[in-house]
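For reference, the structure is listed below as structure tokens.
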Amino acid sequence: MPISDLARLSGVSVPTLHRWENDQTVPQVDKLFQVAQVLGIGTPMDRLIDVPRNERYLSDWRALFGLLQPTLGQMLGVKTAAVSAIERGSRLPTQAQSADLARIYGITVEEVMECCARSRARPLGAYP
């Protein structure tokens, strides 16, 4: 598919696609998701974002589904800052939020909590 068609169908500009292609910029997950949809790559986008399942953080799951923190916050009914705190491991999600995250990502609540445990155990200053 010509890059101009991909740009038109995905809503991502040709210059942006060229910058990705030439490793000049890293795509935002929502834009990457738009391109993936046009190319027939479904969700999760694990064909494009390669993180072993047992090493994933909640931020990895969000990226795999092409969601930005504000979008996920709207889905959960919380502010972006709450999503960020949960992903950093500085706050645990409530039971309802854990269930919602599991539903959104198609994983178990146990996997959500394992991701939280990984975030909380991460060395200080490290944030994927």
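Please treat every number below as a calculation from the coordinates, not as lab data. Quantities reported herein were computed from a predicted structural model and do not represent experimental measurements. Cβ sites come from the backbone with ideal geometry, for glycine too, and all protein chains shown count toward neighbours.
If the chain linking E114 and R53 were pulled fully straight, counting 0.36 nm for each residue of separation and taking away their Cα-Cα distance, it would gain 20.9 nm. Take the alpha carbon gyration tensor of segment 53-121, find the square roots of its eigenvalues, order them as a ≥ b ≥ c, and report rounded if a/c is under 1.5; if not, report prolate when a/b exceeds b/c, else oblate. Cα axes put segment 53-121 in the rounded bin. Considering only G106, G66, G89, the mean-square fluctuation computed in a Gaussian network model of the chain, springs between alpha carbons under 10 angstrom, is largest for G106. Name the most mobile residue of R88, R118, R47, meaning the one with the largest mean-square fluctuation, in a Gaussian network model of the chain with Cα contacts below 10 Å. It is R47.
Charging the Cβ of each Asp and Glu at -1 and of each Lys and Arg at +1, and nothing else, the dipole of the chain about its Cα centre rounds to 340 debye. Take every pair of alpha-carbon atoms less than 8 Å apart whose residues are at least six positions apart; their mean separation over the length of segment 30-128 yields a relative contact order of 25 percent.
Taking Cβ atoms as reference points and 12 Å as the exclusive limit, the residues near A102 contribute a net charge of -3, counting Lys and Arg as +1 and Asp and Glu as -1. Where only DSSP H runs of four or more residues are counted, the chain gives -16500 deg cm²/dmol as its mean residue ellipticity at 222 nm, each run worth -39500 (n - 2.57). Each Lys and Arg adds +1 at its Cβ and each Asp and Glu adds -1 at its Cβ; summed about the Cα centre, segment 53-121 shows a dipole of about 180 debye.
Within the shell of other residues whose beta carbon sits under 12 angstrom from the beta carbon of A36, the net charge comes to 0, with Lys and Arg scored +1 and Asp and Glu -1. Net charge near S10: determine it from the other residues with C-beta under 12 Å of the C-beta of S10, scoring Lys and Arg +1 and Asp and Glu -1. Net local charge, S10 excluded: 0. Which residue fluctuates the most in the chain, going by a Gaussian network model with Cα springs under 10 Å, if the choices are Q34, Q24, Q95? Result: Q24 has the largest fluctuation of those listed.
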